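Some notes on the structure that comes next.
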Amino acid sequence: MFSYKMRPFLVLRSSATECLGQFRRTLTVSAARLEKKQAELEEVVEATELPVTFVEDDAESIEAREERINALRNKSRLLPQHRNMLQDVLPYEQSQSWIHETVKYRRMMLGRYGIESSGTDPRICFPTEKEAYERAEYEKVAFPFTLRQMMDENKAAQKARKAAIETREAEIARKLEKLDQWTSDLNAKIEKKEREARAAKERKDRLVEEVRRHFGFKVDPRDERFQEMLAQKEREDRKKVKEAKRKEKEEKMMEKLQKKTAELEAEIDVSSGKGKK
């Protein structure tokens, strides 16, 4: 009926059917055993009494259960005081340290959480008679001047600063006016220095050339004879320069004397003419 090639498939099908039937029988037995054990457990539970902690009418157990549930709800794991601060509630219901009894802390709690939440008397924010007296004495020492006196002093200081600024600006403007003259004077001084340096160099070159002409042949400037003759020429040249300056000075003095003499003669002539009249 079936070919030779189809026989392996028939064998596999029959083995799978047998396995499936065995598995069904195993599930049936396991289900029966579980039902039997469950029935036994129910009988044991009915026979025993419930503990006191499971009685729902107990008020303390309900409060404990609520606390446990609230603790489980607190997923942040924050401390109670920190969680209260996060929820804008007074951190501590009762004082935990001497700091919580200080006036500064109580004032801070009153300002942050209000009168009802903080439970603080608002009169604590006002200074006592002793504190007011001490504050007044401190202000007398720290601020001895009245408001009008301080305003007048500030106005005088502003006027002084303004006057100093104006004086400084006037001085700067005055110096700026002389800037051109100072610049020209400086340039003249620089030009004079350069001219003197050039004249000194030319004089030195001239003296060296005179020394060479004196010997009549080329001489090493480092030679002692050359150095001696050069020093002698420099002395003679200095004497000549000094003599020229003296003569120039005498000429200037003579010019001044002649000018003054002419002025005196003119004054004498004027005075004599007035006397004749």
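For the residue pairs LYS204/LYS240; LYS201/LYS249; LYS193/LYS233; LYS201/LYS240; LYS192/LYS233; LYS189/LYS256, the alpha carbons lie more than 20 Å apart in LYS201/LYS249; LYS193/LYS233; LYS192/LYS233; LYS189/LYS256. On the basis of the beta-carbon distance and an R0 of 45 Å, ARG174 and GLU194 show a calculated FRET efficiency of 0.90.
Leaving ligands and nucleic acids out of the surface, order HIS82, HIS100 by accessible area at 1.4 Å, largest first. Kindly include the intermediate steps, with their values, before the conclusion.
Working: HIS82 90, HIS100 30 Å².
Highest to lowest solvent-accessible surface, that is HIS82, HIS100.
Using R₀ = 51 Å, calculate the FRET efficiency as 1/(1 + (r/R₀)^6) where r is the Cβ-Cβ separation of LYS259 and ARG213; round to 0.05.
On the way: r = 45 Å, r/R0 = 0.88.
Efficiency, rounded to the nearest 0.05: 0.70.
Taken along the Cα-to-beta-carbon direction at a fixed 7 Å, the label points for LYS247 and THR146 span 8.7 nm. Simple spin-label estimate for SER271 and ARG161 gives 6.5 nm between the two label positions (7 Å along the Cα-to-Cβ direction from each Cα).
Extension gain, ARG83 to SER117, is 10.7 nm, computed as 0.36 nm per intervening residue step minus the present C-alpha separation. Accessible surface ranking for PHE226, PHE145, PHE126, 1.4 angstrom probe, highest first: PHE126, PHE145, PHE226.
Where the convex hull is taken over the Cα atoms of region 155-254, what is its projected area averaged over directions, in nm²?
If I average the Cα hull's projected area over directions, I get 12.8 nm².
Rolling a 1.4 Å probe across all protein chains gives LYS178 an accessible area of roughly 90 Å². Full extension of the chain between TYR105 and THR28 yields a length gain of 20.3 nm, computed as 0.36 nm times the residue separation minus the alpha carbon distance.
Would region 66-130 count as rounded, prolate or oblate if I go by the C-alpha gyration tensor, calling it rounded below 1.5 in a/c and otherwise prolate when a/b exceeds b/c, oblate otherwise? Taking the square roots of the gyration eigenvalues as a ≥ b ≥ c, region 66-130 is prolate.
Per-residue SASA remark: MET253, around 100 Å² accessible (1.4 Å probe; ligands, DNA and RNA not included). Accessible area per residue was computed with a 1.4 Å probe on protein heavy atoms; LEU147 scores about 120 Å².
The values are calculated or read from the model by the stated rules, or taken from the named source; none is laboratory data. Computed from a predicted structure; not experimentally measured. Please note: Cβ atoms are built from the backbone with ideal geometry, for glycine as well, and neighbour counts cover all protein chains shown. Areas reflect the complete protein model, heavy atoms only, side chains present, ligands, DNA and RNA absent. Shrake-Rupley method; radii C 1.70, N 1.55, O 1.52, S 1.80 Å.
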